[in-house]
Amino acid sequence: MESGMGLDTGDVVVIEDVAPADRRNRIADFSLGHPQPATSEPTYSIRFQGWVVGRGAPAVSLTINDGQGRLVDLPIVHPRDDVADLMPDYPWAGRSGFTARIGALHLPQHFQLELTALLEDGTRGLVGYVRGRRRRLPALAGQRYIPVALTTIGRSGSTWLTWLLGQHPEVLAYRTFDMEPAGLAYFAELIRALSQPTSYHSALKGQVDNADWWTGSDPCHGQGWYESDPGTDRWLGTEYVEGLTSFFAARLDELVACQARAEGKPGAGMFVEKNGPTFFGQSLWLELCPGMREIFLVRDPRDVACSIFAFERKRDSEWFWGTRDKEWTEEDVIREPLGNDVDLLMHCWEQRAETGLLLRYEDLIADPHESLARVFDHLGADSSDVTVAGVVERGARLEQARRDWHVTSADVNRSVGRWREELSPSLQRACNEAFAPAMEVFGYA
């Protein structure tokens, strides 16, 4: 088929363009045999095959980044005698090949993949880009409960907002301060894992003596691993994958029904769960459930930093795992893990702003009635003054012990703008540098 044509009934993934890198500072040479531009795949997967030769050290893996915070690493371990003959000055050229078939279900419908090679010395080199599009998944039918994804980062008031939303008779929020349900993320990750070709081809060529063999966690297979006969391969890569979405969506619906009975909310027609910006669940369920709603809860990231540091002191534990092992300073945390989370939240909002609702923590604190009315309007739930007033009144009945265990400010009003007193001038500068793009987008500049 020609590049630019629409998806026909036989095309699940279309590769529109493959752009090799112009600069090869750390890469002596490379070749990408698959995928090729103006080609298509009949399944929810993409074949990758080629070779990479590092300039100063062997290339050990090819990283495929979809731009959504999700990475796939393919080992560069396959023998390539032809490359060894082509590049005799590089003794590692004979083992420079990679070959795999990766699942495409987790990719955006219009995607751009960045390919980089990791060298043995720890450096990286850009290999190129692959652009294409994927067929939309069939919409689900018969779902009883509509998902509401609360997309945010930690210490932004998400537990408090979830608690408030759960006071609405139409909204289920299961045991807000006891647990953090993640059904959307859990079942989405099951779908993503089991829709990988390395997983479902294990049904044909599995090595059942290995632990977790059915997950297909080892991508280091030759291309023959992914091939049996055309009809079986096509069924596994399409009907089986689409069947996974229907099966696990039904399980999610049943799980929520159990929670609704436990909470005594037979009239609830939607359920709310917190999700981080790196989760795959939001994009998958938005595609599968046309009625799904998403709320983006944001807070001044400088106040988020203050709350994280205070929470660490209060609980005597690190917020970002591993920061103590690395002996990171507070400035390091601001610039890297927190800065990355803030950037990812901003990118998610920019991608889904047309369908999502942006709610600022500061507005929720200043005027909960107006803020919640906006949220319930977005959800298609009753947003009358009487209903919203009841939600606020019931929300205020939260036990003081639960509130005290969670908060890090003396009162909610002092939680706004706390960075002015709690952050040193050097940390304020670090915040302004690390969070500048997001503060501009979210209105905190």
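Can you pull out the residues in the stretch 409-425 that are touching a residue at least 40 places away in the same chain (Cβ under 8 Å), closer than 19 Å to Val333 by Cα and either β-branched (Val, Ile, Thr) or open to solvent by 50 Å² or more (accessible area, probe 1.4 Å) (or both)?
Glu422
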Every pair of residues 6+ apart whose Cβ atoms lie under 9 Å, when the first sits in the stretch 110-129 and is more than 23 Å from Tyr44 (Cα to Cα) while the second is among the charged types (D, E, K, R) and in a strand (DSSP E or B): Ala117/Arg124; Leu118/Asp73; Leu118/Arg124; Leu126/Glu114; Val127/Glu114
Is one or more of the residues making up the stretch 298-305 at pLDDT 95 or above, assigned to a strand (DSSP E or B) and open to solvent by less than 10 Å² (accessible area, probe 1.4 Å)? yes
In the stretch 190-236, the residues that are touching a residue at least 12 places away in the same chain (Cβ under 8 Å), assigned to a loop (DSSP other than H, G, I, E, B), out of contact with any Leu (no Cβ under 8 Å at 6 or more places or on another chain) and small (Gly, Ala, Ser): Gly216, Ser217, Gly222
Qualifying positions in the stretch 141-152 - out of contact with any Ser or Thr (no Cβ under 6 Å at 6 or more places or on another chain) and either open to solvent by 20 Å² or more (accessible area, probe 1.4 Å) or not hydrophobic (A, V, I, L, M, F, W, C) (or both): Ala141, Gly142, Gln143, Arg144, Tyr145, Ile146, Pro147, Thr151
Keeping to the stretch 155-180, report how many residues are in a loop (DSSP other than H, G, I, E, B), out of contact with any helix residue (DSSP H, G or I) (no Cβ under 7 Å at 6 or more places or on another chain) and open to solvent by 20 Å² or more (accessible area, probe 1.4 Å). 6
Does the stretch 314-333 contain at least one residue that is of a type in the set (Lys, Arg), in contact (Cβ under 8 Å) with a residue 40 or more places away in the chain and under 17 Å from Gly157 (Cβ atoms)? yes
Please determine, by comparing only the residues of the stretch 61-75 that are over 16 Å from the mean Cα position of the chain (by Cα) and of a type outside the set (Gly, Ala, Ser), which one is surrounded by the fewest Cβ atoms within 10 Å (Cβ to Cβ). Asp73
Looking at the stretch 341-394 only, could you name the residues that are polar (S, T, N, Q) and either touching a helix residue (DSSP H, G or I) at 6+ places or on another chain (Cβ under 8 Å) or at pLDDT 95 or above (or both)? Thr355, Ser371, Ser383, Ser384, Thr387
Of all residues in the stretch 29-60, how many are under 22 Å from Asp89 (Cβ atoms) and of a type in the set (S, T, N, Q)? 1
Before we move on, is Leu255 under 16 Å from the mean Cα position of the chain (by Cα) and open to solvent by 30 Å² or more (accessible area, probe 1.4 Å)? no
Of all residues in the stretch 375-387, count the ones that are in contact (Cβ under 8 Å) with a residue 40 or more places away in the chain and either part of a helix (DSSP H, G or I) or on the phi > 0 side of the Ramachandran plot (or both). 6
Among the residues that make up the stretch 122-139, is at least one of them open to solvent by less than 10 Å² (accessible area, probe 1.4 Å) and of a type in the set (S, T, N, Q)? no
The correct count of residues that are buried (at least 21 other Cβ atoms within 10 Å of the Cβ) and either free of Cβ contacts under 8 Å to residues at least 60 places away in the same chain or part of a loop (DSSP other than H, G, I, E, B) (or both) in the stretch 258-284 is 3
Looking at the stretch 191-223, which of the residues that are surrounded by fewer than 16 Cβ atoms within 10 Å (Cβ to Cβ) and within 21 Å of the chain's Cα centre (by Cα) is farthest from Ala250 (Cα to Cα)? Ser217
Checked pairs for the stretch 356-374, first surrounded by fewer than 20 Cβ atoms within 10 Å (Cβ to Cβ), second small (Gly, Ala, Ser), C-beta under 6 Å and 6 or more apart or across chains, list as Asp363/Ser371; Ala373/Ser383
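The values are calculated or read from the model by the stated rules, or taken from the named source; none is laboratory data. Since this is a predicted model, take the numbers as computed values, not measurements. No Cβ is skipped: glycine too gets one built from the backbone with ideal geometry, and neighbour counts run over all protein chains shown. The protein model used for the area step is the full one, side chains on, heavy atoms only, and it has no ligands, DNA or RNA in it. Shrake-Rupley method; radii C 1.70, N 1.55, O 1.52, S 1.80 Å.
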